[in-house]
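Novice: I am attaching a structure below and will ask some questions about it afterwards.
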2 protein chains.
Amino acid sequence: MSGIEVTYRFPPGVDAHREAKIIAIGQTAGTWGERWADRSERLRAHLGQVLDVMTLSDGTSRATVRYPLANCPEGVGALLTMIYGKYSLAGPARIVALAVPPGWGTRCRFGIGGIRSAVGVPSRPLVMAIFKPSLGLSPEDHALILRDAAFAGLDIIKDDEILPDIPECRVQDRLKACLPVIEEVRRATGKTVLYAMNLSGRADQVLETARVLVSEGANALLVNALTYGFPVLEALAADPDVNVPLFVHPAFSGALCGSRDWGLDYSVVLGTLPVLSGADAVLIPTHYGSLPFSESEEGRVKNELLARGVFPVPSAGIHPGLVPRVIADYGNEVIMNAGTGIMDHPEGTAAGVRAFFEALDRAGQGKSFEMENVPEGPLKSALRQWSR
Amino acid sequence: MSGIEVTYRFPPGVDAHREAKIIAIGQTAGTWGERWADRSERLRAHLGQVLDVMTLSDGTSRATVRYPLANCPEGVGALLTMIYGKYSLAGPARIVALAVPPGWGTRCRFGIGGIRSAVGVPSRPLVMAIFKPSLGLSPEDHALILRDAAFAGLDIIKDDEILPDIPECRVQDRLKACLPVIEEVRRATGKTVLYAMNLSGRADQVLETARVLVSEGANALLVNALTYGFPVLEALAADPDVNVPLFVHPAFSGALCGSRDWGLDYSVVLGTLPVLSGADAVLIPTHYGSLPFSESEEGRVKNELLARGVFPVPSAGIHPGLVPRVIADYGNEVIMNAGTGIMDHPEGTAAGVRAFFEALDRAGQGKSFEMENVPEGPLKSALRQWSR
């Protein structure tokens with residue numbers, strides 16, 4: 001593939017042939033007059049090309065445009081400006097697919113294999129928790145929660161995405177409070193728990209905070225790539241001093257993807273773009289969780305991530321009763337991420353984690369999750385709480 | 001105002017009271033169990049509050065939620081994560097207004113007054129051009145175009161937003177080629193032309209490129225805030241070494257604003273958010289240009305910008321024949337920005353610039369723009385080309 005190929009979908013009634021040509025010219029070299037006649041060859045080399053236009057039975061059309069690689073040899077910021085910048089203002093059109101040549105983009109440093117190495121778990125699904133409540137806890141509260149969860153076997157924990165670096169709970173103070181717990185767990189059990197710390201601030205502060213946190217011992221980071229920009233994620237992924245896994249949160253993606261006729265498909269925004277920006281793991285909603293999300297959209301995001309070795313992290317409304325469904329969809333290459341589904345377990349955080357591992361064992365053995373077949377214990381309590 | 005107030009619009013059929021409560025709780029501290037009963041006061045202080053819910057005659061509803069300032073004392077990245085992060089995935093809702101306490105956000109350093117000082121034009125509308133063709137020109141071509149335009153009196157020129165830092169036309173080479181022209185014009189006419197150079201790359205590269213360019217003499221920068229992220233704009237605006245006006249481009253804003261029921265209003269995305277991130281000038285479409293844009297939306301964006309002294313830059317399809325309309329809408333506090341409307345003037349770039357100044361003079365004197373009343377000259381040629 002010699003260029004960057006983008007497929008646009010147009011609603012019924014739009015002349016897709018015409019729009020595709022407008023995109024191929026208007027989003028590239030544009031038109032030029034007599035003055036540049038002697039530069040024509042050079043200018044033409046920057047024009048986009050309409051590869052394909054088709055109208056489907058529902059009246060929508062799809063057009064694929066190929067952009068010369070020379071127009072955007074690197075950078076997701078420039079890529080998005082090129083493929084949907086000014087044209088996003090021109091009328092209803094939605095980007096439904098994006099393909100770049102092999103080697104284009106920032107490769108993740110960890111991905112599935114690297115994260116598995118870091119937590120020392122070669123093959124089973126990983127279990128991840130979110131510190132809850134999101135706001136209002138002290139750094140010491142975080143340490144208490146982490147202790148309960150980590151000694152129960154948790155693999156990864158993360159800040160809530162809406163917890164920025166605020167005076168009452170500074171991110172460096174959270175790290176200072178939690179690092180001794182991570183070390184204590186490591187010494188006692190041999191196991192390293194990853195703590196994905198939420199980055200915030202101006203772009204320069206995000207990059208500097210990441211460096212400082214990692215130098216002080218942070219072993220994972222959480223990036224709100226949609227609200228901070230993919231170029232910030234790219235910078236983190238390229239920084240040799242930020243050598244920890246980067247977890248990408250989908251916050252704000254609905255602003256780009258929620259509409260039918262505008263914006264971009266979730267598979268692009270939560271799949272292709274994070275992958276091209278160096279994400280190691282991406283949180284995504286499921287079609288049976290607490291957010292509305294279609295099965296096909298979830299499947300397409302998952303496929304984009306897995307194709308490049310990036311960990312999918314089904315999230316939002318995940319609880320132990322859903323473990324069989326998650327495994328049916330994802331197999332073992334998955335990080336199951338629960339907030340209240342762990343933290344609000346009726347017997348506490350540790351029981352919340354144990355319920356997940358009990359569920360993993362039970363699902364692995366093909367055992368029933370019907371209430372009457374599950375023995376008393378953390379899983380049964382979780383099922384009572386959430387699976388009705 | 002003690003908090004950050006956000007107004008959401010819901011389509012007909014949505015229970016706005018219910019959704020507003022979900023937002024006020026789910027996008028803040030959330031819920032908590034017995035374990036944190038002794039922290040209740042502290043946690044409650046982080047909860048959002050539904051201020052107002054109303055249903056309009058068209059069936060849509062509006063709800064205003066107030067977020068505690070403590071949840072997001074600074075940073076547009078954290079702000080967007082808070083006000084529309086996870087909830088953006090929850091169902092159709094659109095942010096139509098955003099108000100922050102005075103002092104919140106990054107103030108622009110230049111704005112209308114600073115840009116007027118830089119170009120030495122105290123009160124008339126400013127005229128800005130875009131280098132065209134967008135891609136395929138050499139740095140020397142840029143210098144030739146700039147020379148023609150600047151000696152004709154142009155105030156500001158900018159790169160096309162889709163021209164990144166590519167090997168055949170490096171941004172530093174463009175600067176090296178154009179600086180002598182800017183200096184030559186300054187010596188000959190006493191006038192400084194601003195050249196807003198397009199930034200690209202990873203976030204760290206954007207910030208570093210900005211510093212290098214400014215240290216080498218660049219006097220303005222162009223930021224694709226939507227594709228690079230508002231936190232990148234905030235970082236540029238806060239960097240003491242990047243002490244030049246920042247022009248914000250609206251590329252990609254349609255992805256967030258195009259739909260009726262999802263995303264955010266243009267007045268927020270091109271008005272409130274750039275203003276809070278330190279933009280000095282913001283390019284916006286007009287309701288009579290080459291992009292579809294409503295008069296009311298344009299007016300709301302304009303008002304958001306002017307209220308904080310940020311220059312509105314009507315763009316896209318602007319040509320000399322539209323000068324009376326632009327002035328009728330904006331008065332003098334406006335930068336008129338034309339790409340092909342200058343560069344494709346039948347008598348060349350310099351005539352394209354002169355046509356704008358002729359139009360400004362004529363409009364200022366209240367003279368007719370009817371073809372038969374306009375004397376032969378650059379303006380008449382422009383009218384023949386574009387005003388039929």
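Novice: Please state, rounded to one decimal and in Å, the Kirkwood hydrodynamic radius that chain B gives when every pair of distinct Cα atoms enters the mean of 1/r. List each step's numbers first, then the result.
Specialist: Details: mean 1/r = 0.0449 Å⁻¹.
After inverting the mean inverse Cα-Cα distance, the result is 22.3 Å.
Novice: The range B:272-295 to the range B:184-219: how many Å between their Cα centroids?
Specialist: When both Cα centres are located, 22 Å separates them.
Novice: Need one value: the accessible area of A:ILE25 in square angstrom, 1.4 angstrom probe, rounded to the nearest 10.
Specialist: Roughly 70 Å² of A:ILE25 is accessible to a 1.4 Å probe.
Novice: Per Stokes-Einstein, at 25 °C and 0.890 mPa s, what whole-number D in µm² s⁻¹ belongs to the range A:96-240, with the Kirkwood radius over Cα pairs as the hydrodynamic radius? The partial results should precede the final answer.
Specialist: Numbers: Rh = 16.2 Å.
Diffusion coefficient, whole number: 152 µm²/s.
Novice: If you put a point 7 Å past Cα along the Cβ direction, how far is that point for A:GLU295 from the same point in each other copy, in nm, smallest first?
Specialist: 5.0
Novice: Output needed: percent of Cα pairs per 10 Å distance bin for the range A:3-99, bins running from 0 to the one holding the longest distance.
Specialist: 16, 48, 27, 8, 1
Novice: Quick check: from the Cα gyration tensor, does the protein assembly as shown come out rounded (a/c under 1.5), prolate or oblate?
Specialist: Since a/c reaches 1.5 and a/b is larger than b/c, the shape of the protein assembly as shown is classed as prolate.
Novice: Leaving ligands and nucleic acids out of the surface, order B:HIS319, A:HIS142 by accessible area at 1.4 Å, largest first.
Specialist: These residues rank, largest area first, as B:HIS319, A:HIS142.
Novice: Ignoring the sites themselves, what is the longest stretch of chain B with no GluC sites (Glu not before Pro) in a DSSP loop and at most 15 other beta-carbon atoms within 10 Å? Working shown, then result.
Specialist: Numbers: sites that count: B:GLU168, B:GLU216, B:GLU347, B:GLU370, B:GLU376.
Free of exposed loop sites, the longest segment is B:1-167.
Novice: Then there's this: Which residue in chain B puts its Cβ closest to the axis that rotates chain B onto chain A, and at what distance in whole Å?
Specialist: Nearest Cβ to that rotation axis, in whole Å: B:GLY229, 1.
Novice: Where the centre of each part is set by its Cα atoms, how far does the range B:113-181 sit from the range A:314-369, in angstrom?
Specialist: Cα centres, the range B:113-181 to the range A:314-369: 58 Å.
Novice: Let me ask something else. Kindly sort B:MET197, A:MET371 by accessible area of their heavy atoms, largest first, with the probe set to 1.4 Å.
Specialist: Working: B:MET197 0, A:MET371 60 Å².
The ranking, largest first, comes out as A:MET371, B:MET197.
Novice: I'd like the accessible area for A:PHE357, computed on protein heavy atoms only with a 1.4 Å probe and all protein chains in place. Round to 10 Å², please.
Specialist: 40 Å²
Novice: Which of the helices in chain B, when you take each full DSSP H run, stretch at least 20 Å along the axis at their Cα atoms and have an average Kyte-Doolittle score of 0.0 or higher?
Specialist: B:349-364
Novice: If you don't mind, another one. What are the nm distances, shortest first, from A:PRO346 to its equivalents in the other copies, labels at 7 Å along Cα→Cβ?
Specialist: 8.4
Novice: Let me ask something else. Which distances, in nm and shortest first, link the B:ALA188 label point to the same label point in every other copy, taking 7 Å along Cα→Cβ?
Specialist: Copy-to-copy label distances at B:ALA188, shortest first: 7.8 nm.
Novice: A follow-up question, please. Heavy atoms only, probe 1.4 angstrom, no DNA, RNA or ligands counted: give me B:LYS21, B:LYS158 ranked by accessible area, highest first.
Specialist: B:LYS21, B:LYS158
Novice: For n ≥ 4 DSSP H runs only, could you compute -39500 (n - 2.57) per run for chain B, divide by its residues and tell me the 222 nm figure to the nearest 500?
Specialist: It lands at -11000 deg cm²/dmol.
Novice: Let me cross-check B:ASP204: its accessible surface, 1.4 Å probe, with only protein heavy atoms counted, in Å² to the nearest 10?
Specialist: My reading of the accessible area for B:ASP204 is about 50 Å².
Novice: What is the total of Lys pairs in chain B with C-alpha atoms under 30 Å apart, excluding same-chain pairs fewer than 8 positions apart?
Specialist: Close lysine pairs under the 30 Å cut-off: 18.
The values are calculated or read from the model by the stated rules, or taken from the named source; none is laboratory data. It should be emphasised that the depicted structure is a prediction, and the values quoted were computed from it without experimental measurement. Backbone-built Cβ (ideal geometry, glycine too); neighbour counts: all protein chains shown. Remember, those area values only see protein heavy atoms, side chains included, never the ligands or the DNA or RNA. Shrake-Rupley method; radii C 1.70, N 1.55, O 1.52, S 1.80 Å.
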